[in-house]
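Visitor: I'd like to ask some things about the structure below.
The values are calculated or read from the model by the stated rules, or taken from the named source; none is laboratory data. Bear in mind that the values here come from a model prediction, so they are computed numbers and not experimental data. Because the Cβ atoms are built from the backbone with ideal geometry, glycine has one as well, and the counts that use them run over all protein chains shown.
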Amino acid sequence: MPLSADAGGMPLALCTVTLASPSRPPRTPARVYRQTLWLLTSRDLRVRYSTSFLGYVWSVLDPLVMAVIYWFVFTQIVDRSIGADPYIVFLLAGLLPWTWFNGAIGDSTRAFIKDAKLVRSTRLPRSVWVARIVLSKGIEFVLAIPVVIAFAVIYGAEPTWGVLWLPLAILLQATLILGLGLMIAPLVVFFRDLERAVKLVLRFLFYASPIIYGLTDLPDGLEAWMAFNPLSGIFSLYRASFFPDQVEPFAVVVAAIMSLVILGAGILVFRRMVRAVLKEI
Amino acid sequence: MGDVVIRVEGAGIRFRRNRRGRRSFKDLFAGSNRRARPNEFWALRGVDVEVRAGEAIGVVGRNGQGKSTLLKLVAGVMLPDEGRVDVIGGVAPLIEITGGFVDDLTVRENVHLTAGLHGMTRAEIDERYDEIIDFAELRESVDTPYKHLSSGMKVRLAFSVISRLEEPILLVDEVLAVGDKAFRDKCYQRIDELLAGGRTLFFVSHNERDLTRFCTRGLYLDKGLLQLDGPIEGVLAAYNRDYGSPS
């Protein structure tokens, strides 16, 4: 530390002359990455929580309102034969991770555009623009978990050993989102239409993933196909916390393989495109 | 003479001529193809420069001749399509200096964020925090959201943060044209201090007075090529000879 030694006693005028410092310990790339990732993530969270009065409530309210709507439709209006009891807990266990997925993929379409000035002026590890979205949305998801617990307590859903699957579910989902984000973020810079296309696909995917229903509710032929939506396996792991019979080993294995493949493809696409992105931004 | 801190070897970068040029997926994935495609041009090509620690270099050239691009390559915010750019040690880039600041966060939070993104550790930031605020003359506004600052204050704050970075190389891209005279003088003084402290300066400007004040060596870029590399007076003379002198 070049300044710490002389900053104490010297007059301020002298202190301001800082010497070029070869003695500064070099920072490893991993440390730079961690520090940058953390700064940007905490910036995202701080902005969200400092600008809106309700802060945390908003990040929970969206999945909660949706859960109440589907709960109302499927238990009060339609005679439900899908999912498991208590249905509201079943819904939330799928809706909260979906909110993470949906929010992170949606935001990753604007990963470079939103911070264009910073990308243009500061040398940062570039994949951090996607990683920070995955992380900040992931933190919001983890913070929202108490909501499920609260409903589980109210409706008397018993936690099972399936809760041990939770870390794996989070890890797989983070891998999947990161991989998709690394593909989408640079592509959107060149194909702005992709932003809308992604929104449309997300809306479709909401119904094409086991959120308001479970994998086991599907007819046999469809179930196998559904496993190739990696969200199927991942969401079934989340539900294992309360509904262990929802876990479909085949779907989980497929989800794990697909998440890793998508991450690999994402890294490849990102590497090839980043040079062009920096020129375009 | 110090060690080489910036080494640019045969660096070239090309851009598309018009924004609406047809883009295909094939284009995007054709990574380091050496040939420029028909709708592309080389903004810089075959640039070789070696900069030693402590040198103060001024980059001269008309608009659009690659000055800022060269600076961005050195800053690492763009990557060359051919050749290489090696920078030993960190850089403090005064390029679009207000870029990292967030409207909704306070001045205090912004100082921590921006300094952190540029690689300062938390301890270093805490240590220099008062210095940064005093230099920017924003002592009363530390808890004001950044968006409520006047544009002059914003630039002051940004310059203050970046010029306090503990990096051996300082990159300046014509930011000094902004701000009132008193603050500009302060900025100049700060750059003088940094130079006296042994920093390396890479300076892009159209202002001859500034260039001769800070720099000893000049680079003259024209048509994407490095035309001349020598003492700043000679470089300015060559530039004025080619394009007529305003003075």
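Visitor: List the number of the failed condition for B:D48; all other conditions in (1) over 17 Å from B:A158 (Cβ atoms); (2) within 13 Å of chain A (Cβ to nearest Cβ); (3) acidic (D, E) hold.
Guide: Condition (2) is where B:D48 drops out.
Visitor: State all residues of region A:13-56 that are outside any loop (DSSP other than H, G, I, E, B), among the hydrophobic types (A, V, I, L, M, F, W, C), surrounded by fewer than 13 Cβ atoms within 10 Å (Cβ to Cβ) and at pLDDT 55 or above; if no residue qualifies, say none. Please lay out each step first, then the result.
Guide: Pass one, region A:13-56, residues outside any loop (DSSP other than H, G, I, E, B): A:13-15, A:29-51, A:56.
Keeping just the survivors that are among the hydrophobic types (A, V, I, L, M, F, W, C) gives A:13-15, A:30, A:32, A:37-40, A:45, A:47.
Remaining after also requiring surrounded by fewer than 13 Cβ atoms within 10 Å (Cβ to Cβ): A:13-14, A:30.
If the condition is that a residue be outside any loop (DSSP other than H, G, I, E, B), among the hydrophobic types (A, V, I, L, M, F, W, C), surrounded by fewer than 13 Cβ atoms within 10 Å (Cβ to Cβ) and at pLDDT 55 or above, then A:A30 is the only one that fits.
Visitor: Now, a different point. Is region B:68-89 home to any residue that is surrounded by 22 or more Cβ atoms within 10 Å (Cβ to Cβ), at the interface with chain A (Cβ under 7 Å from one of its Cβ atoms) and closer than 19 Å to B:G152 by Cα?
Guide: Checked against the condition, which is being surrounded by 22 or more Cβ atoms within 10 Å (Cβ to Cβ), at the interface with chain A (Cβ under 7 Å from one of its Cβ atoms) and closer than 19 Å to B:G152 by Cα, region B:68-89 yields no hits at all.
Visitor: Can you tell me which residues in region B:54-64 are more than 14 Å from chain A (Cβ to nearest Cβ), in contact (Cβ under 8 Å) with a residue 40 or more places away in the chain and either touching a helix residue (DSSP H, G or I) at 6+ places or on another chain (Cβ under 7 Å) or under 17 Å from B:E40 (Cβ atoms) (or both)? Before you say what the answer is, go through the steps one by one.
Guide: First, the residues of region B:54-64 that are more than 14 Å from chain A (Cβ to nearest Cβ): B:57-64.
Still in the list and also in contact (Cβ under 8 Å) with a residue 40 or more places away in the chain: B:57-62.
Result: B:G58, B:V59, B:V60, B:G61, B:R62.
Visitor: Inside region B:188-202, can you point out the residues that are hydroxyl-bearing (S, T, Y) and within 18 Å of B:G89 (Cβ to Cβ)? Explain how you work it out, then say what you get.
Guide: Let us first name the residues in region B:188-202 that are hydroxyl-bearing (S, T, Y), namely B:188, B:200.
B:T200, the sole residue that qualifies.
Residue-by-condition table, conditions (1) of a type outside the set (V, I, T); (2) touching a helix residue (DSSP H, G or I) at 6+ places or on another chain (Cβ under 9 Å); (3) surrounded by fewer than 17 Cβ atoms within 10 Å (Cβ to Cβ):
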residue: B:R128; (1), (2), (3): yes, yes, no
residue: B:G152; (1), (2), (3): yes, yes, yes
residue: B:A182; (1), (2), (3): yes, no, yes
residue: B:D192; (1), (2), (3): yes, yes, yes
residue: B:F202; (1), (2), (3): yes, yes, no
residue: B:T212; (1), (2), (3): no, yes, yes
residue: B:C215; (1), (2), (3): yes, yes, no
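Visitor: Follow-up question, since we're still on this one. Mind checking whether some residue in region A:75-94 is β-branched (V, I, T), surrounded by fewer than 20 Cβ atoms within 10 Å (Cβ to Cβ), within 14 Å of another protein chain (Cβ to nearest Cβ) and assigned to a helix (DSSP H, G or I)? Let's see the steps before the verdict.
Guide: Here is the first cut: in region A:75-94, the ones β-branched (V, I, T) are A:75, A:77-78, A:82, A:88-89.
After this cut, where a residue has to be surrounded by fewer than 20 Cβ atoms within 10 Å (Cβ to Cβ) as well, the list is A:75, A:77-78, A:82.
Next cut, within 14 Å of another protein chain (Cβ to nearest Cβ) only: none.
Scanning region A:75-94, I find no residue that is β-branched (V, I, T), surrounded by fewer than 20 Cβ atoms within 10 Å (Cβ to Cβ), within 14 Å of another protein chain (Cβ to nearest Cβ) and assigned to a helix (DSSP H, G or I), so the answer is no.
Visitor: Given the residues A:W98, A:W71, A:W129, which is the only one that is surrounded by 16 or more Cβ atoms within 10 Å (Cβ to Cβ), aromatic (F, W, Y) and closer than 19 Å to A:L202 by Cα? Steps first, answer last, please.
Guide: Working: A:W71 fails: closer than 19 Å to A:L202 by Cα; A:W129 fails: closer than 19 Å to A:L202 by Cα.
Selected residue: A:W98, the only one of A:W98, A:W71, A:W129 that is surrounded by 16 or more Cβ atoms within 10 Å (Cβ to Cβ), aromatic (F, W, Y) and closer than 19 Å to A:L202 by Cα.
Visitor: So which residues in region A:183-217 are surrounded by 17 or more Cβ atoms within 10 Å (Cβ to Cβ) and assigned to a loop (DSSP other than H, G, I, E, B), if there are any at all?
Guide: A:S209, A:P210, A:I211, A:I212, A:Y213, A:G214
Visitor: Just for helices (runs of 4 or more DSSP H) wholly inside region A:109-162: which have at least 1 residues that are within 14 Å of chain B (Cβ to nearest Cβ), over 30 Å from A:F242 (Cβ atoms) and touching an Asp or Glu at 6+ places or on another chain (Cβ under 7 Å)?
Guide: Details: elements: A:111-114, A:116-121, A:128-155.
Passing ranges, in order: A:116-121, A:128-155.
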